[in-house]
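Read the structure below first, then the notes.
The values are calculated or read from the model by the stated rules, or taken from the named source; none is laboratory data. Here the structure is a predicted model, which is why all the values come from computation and not from measurement. We place every Cβ from the backbone using ideal geometry, glycine too, and count neighbours over all the protein chains shown. SASA here: full protein model, heavy atoms, side chains in, ligands and nucleic acids out. Shrake-Rupley method; radii C 1.70, N 1.55, O 1.52, S 1.80 Å.
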Amino acid sequence: MKIERSAAEKRKLDRFGRCENARISYVASGVRGDEVDQALAAVFAAAPDLWEGVPKNSVELVRSPGGGILEAVVDYQYPDRSASSHRRDIKSNGDREWLVEISTKMAHCKYAHSHIFSRKLDENAPDIDPGLLVDWNGKTGSASVSGTIPILESLAEITCIATFRRDKVDNRAYLRNAVNLVGKVNSEAFHNWHAGEVLFGGLKKSVLFEGKHGEDLCNLYFRFFIRTGGKRQIAGMDIGHVDGWDHLWLLRSHGAGRERIHSVHVSRLYPRSSFAVLDI
């Protein structure tokens, strides 16, 4: 007995373009008159367990033209409910899921956080105070050279998976508002983060799926980067509060003597905006 799949097939698709049920044709040859049941069982066993995600359910004899040949159809469908209802997600409109990843990145720093220890080994040498410079060559003025050291800085990334109805994610005005927020920092508190600490990095849209109540849903993946604000020090000086994504820096002077700090500045690198339009 030989089982072969023929070219004939029929499929029914749901509104998402997914297979809901299918009928796939097979031909069994070399079948004796008393082997019809065995041939149908062999066809059913030879057919794949799943057809585009739908399980096989039954086999049906279509016709027997003679000569030991049987034509049969394997039916793929869910036995009790439609494929669409079996594929329904547990999510509903308005669901939110927050994923947090905290890591580090390498940065370079010219000034140490604090000075711990000094010992002069040459008693005849003049006293030289490096301050908070690192790997300083001990020279002053234009000849002064100091090094930079690699340090670790924390980097927090947050992803919000927000479930919306189809009409929401297809709304041009909503997507335009989201596009306009990319590269901006929150101007007000946002999910327990203070103003100035959250940078919007954009969003990604999932494929449509069916929610647990049968509605057409879509997930939007919002990406945010976090840098916490707070009281800051630089070169041993207390600066006060600096927002997370604002940049603290020094203006140095190179007059007589070793390098000195002329002034301290805080610069705003990213524009501010409210994230309320994201509706998350």
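If Gly230 satisfies all but one of (1) free of Cβ contacts under 8 Å to residues at least 24 places away in the same chain; (2) open to solvent by less than 60 Å² (accessible area, probe 1.4 Å); (3) under 18 Å from Asp279 (Cα atoms); (4) among the small types (Gly, Ala, Ser), what's the number of the condition it fails?
Single failed check for Gly230: (3).
I'd like to know if the stretch 134-151 contains one or more residues that are surrounded by 11 or more Cβ atoms within 10 Å (Cβ to Cβ), of a type in the set (Lys, Arg) and at pLDDT below 80.
First, the residues of the stretch 134-151 that are surrounded by 11 or more Cβ atoms within 10 Å (Cβ to Cβ): 134-141, 144-149, 151.
Still in the list and also of a type in the set (Lys, Arg): 139.
Checking the rest, the ones that are also at pLDDT below 80 come to 139.
Among the residues of the stretch 134-151, at least one is surrounded by 11 or more Cβ atoms within 10 Å (Cβ to Cβ), of a type in the set (Lys, Arg) and at pLDDT below 80, which makes the answer yes.
Please identify the pairs in which a residue from the stretch 196-224 that is within 12 Å of Leu278 (Cβ to Cβ) has its Cβ atom under 9 Å from the Cβ atom of a residue that is of a type in the set (Asp, Glu), counting only partners at least 6 apart or on another chain.
Arg223/Glu157; Phe224/Glu157
Within the stretch 12-69, restricting attention to residues that are part of a loop (DSSP other than H, G, I, E, B), within 30 Å of Val207 (Cα to Cα) and at pLDDT below 90, which residue is least open to solvent (accessible area, probe 1.4 Å)? Write out each step before concluding.
Of the residues in the stretch 12-69, the ones part of a loop (DSSP other than H, G, I, E, B) are 14-18, 30-32, 47-49, 52-53, 67-68.
In the following step, the residues that additionally are within 30 Å of Val207 (Cα to Cα) were identified as 14-18, 47-49, 52-53.
Next, only the ones that are at pLDDT below 90 stay: 14-18, 52-53.
Details: Asp14: 21, Arg15: 136, Phe16: 47, Gly17: 50, Arg18: 59, Glu52: 97, Gly53: 37 Å².
Taking the candidates together, the pick is Asp14.
Table: residues versus (1) modelled with pLDDT of 90 or more; (2) surrounded by 15 or more Cβ atoms within 10 Å (Cβ to Cβ).
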| residue | (1), (2) |
| --- | --- |
| Asp129 | no, no |
| Lys168 | no, yes |
| Arg176 | yes, no |
| Phe190 | yes, yes |
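Look at Val54 and say whether it is in contact with a helix residue (DSSP H, G or I) (Cβ under 6 Å, 6 or more places away or on another chain) and either closer than 19 Å to Lys10 by Cβ or free of Cβ contacts under 8 Å to residues at least 60 places away in the same chain (or both). Before you say what the answer is, go through the steps one by one.
Values: in contact with a helix residue (DSSP H, G or I) (Cβ under 6 Å, 6 or more places away or on another chain): yes; either closer than 19 Å to Lys10 by Cβ or free of Cβ contacts under 8 Å to residues at least 60 places away in the same chain (or both): yes.
Against the criterion (in contact with a helix residue (DSSP H, G or I) (Cβ under 6 Å, 6 or more places away or on another chain) and either closer than 19 Å to Lys10 by Cβ or free of Cβ contacts under 8 Å to residues at least 60 places away in the same chain (or both)), Val54 qualifies.
Would you mind finding the one in Glu210, Glu215 that is under 24 Å from Lys91 (Cβ atoms) and in contact with a helix residue (DSSP H, G or I) (Cβ under 7 Å, 6 or more places away or on another chain)? It would help to see each step written out before you state the result.
Details: Glu215 fails: in contact with a helix residue (DSSP H, G or I) (Cβ under 7 Å, 6 or more places away or on another chain).
Step by step, each of Glu210, Glu215 is checked, and only Glu210 is under 24 Å from Lys91 (Cβ atoms) and in contact with a helix residue (DSSP H, G or I) (Cβ under 7 Å, 6 or more places away or on another chain).
Surrounded by 13 or more Cβ atoms within 10 Å (Cβ to Cβ), within 30 Å of Pro130 (Cα to Cα) and in contact with a Leu (Cβ under 7 Å, 6 or more places away or on another chain): does that describe Ala235?
Details: surrounded by 13 or more Cβ atoms within 10 Å (Cβ to Cβ): yes; within 30 Å of Pro130 (Cα to Cα): yes; in contact with a Leu (Cβ under 7 Å, 6 or more places away or on another chain): yes.
Taking the combined requirement at face value, the residue satisfies it.
For the structure I just gave you, tell me whether Lys105 is of a type in the set (Lys, Arg), at pLDDT below 80, open to solvent by less than 60 Å² (accessible area, probe 1.4 Å) and under 35 Å from the mean Cα position of the chain (by Cα). So that I can check it myself, show each step before the final result.
On the way: of a type in the set (Lys, Arg): yes; at pLDDT below 80: yes; open to solvent by less than 60 Å² (accessible area, probe 1.4 Å): no; under 35 Å from the mean Cα position of the chain (by Cα): yes.
Considered against the rule, which asks whether it is of a type in the set (Lys, Arg), at pLDDT below 80, open to solvent by less than 60 Å² (accessible area, probe 1.4 Å) and under 35 Å from the mean Cα position of the chain (by Cα), Lys105 comes out as no.
Yes or no: Ala162 open to solvent by less than 70 Å² (accessible area, probe 1.4 Å), out of contact with any strand residue (DSSP E or B) (no Cβ under 6 Å at 6 or more places or on another chain) and more than 30 Å from Thr140 (Cα to Cα)? If you could, list the steps in order and put the result at the bottom.
Numbers: open to solvent by less than 70 Å² (accessible area, probe 1.4 Å): yes; out of contact with any strand residue (DSSP E or B) (no Cβ under 6 Å at 6 or more places or on another chain): no; more than 30 Å from Thr140 (Cα to Cα): yes.
Spelling it out, it is not the case that Ala162 is open to solvent by less than 70 Å² (accessible area, probe 1.4 Å), out of contact with any strand residue (DSSP E or B) (no Cβ under 6 Å at 6 or more places or on another chain) and more than 30 Å from Thr140 (Cα to Cα).
Filter the stretch 140-183 down to residues that are β-branched (Val, Ile, Thr) and in contact (Cβ under 8 Å) with a residue 60 or more places away in the chain and give me whichever is farthest from Pro126 (Cα to Cα). Outline the logic, then answer.
Going through the stretch 140-183, the residues β-branched (Val, Ile, Thr) turn out to be 140, 145, 148-149, 151, 158-159, 161, 163, 169, 179, 182.
After this cut, where a residue has to be in contact (Cβ under 8 Å) with a residue 60 or more places away in the chain as well, the list is 140, 158-159, 161, 163.
Numbers: Thr140: 13, Ile158: 53, Thr159: 56, Ile161: 63, Thr163: 69 Å.
Applying the filter and picking the extreme gives Thr163.
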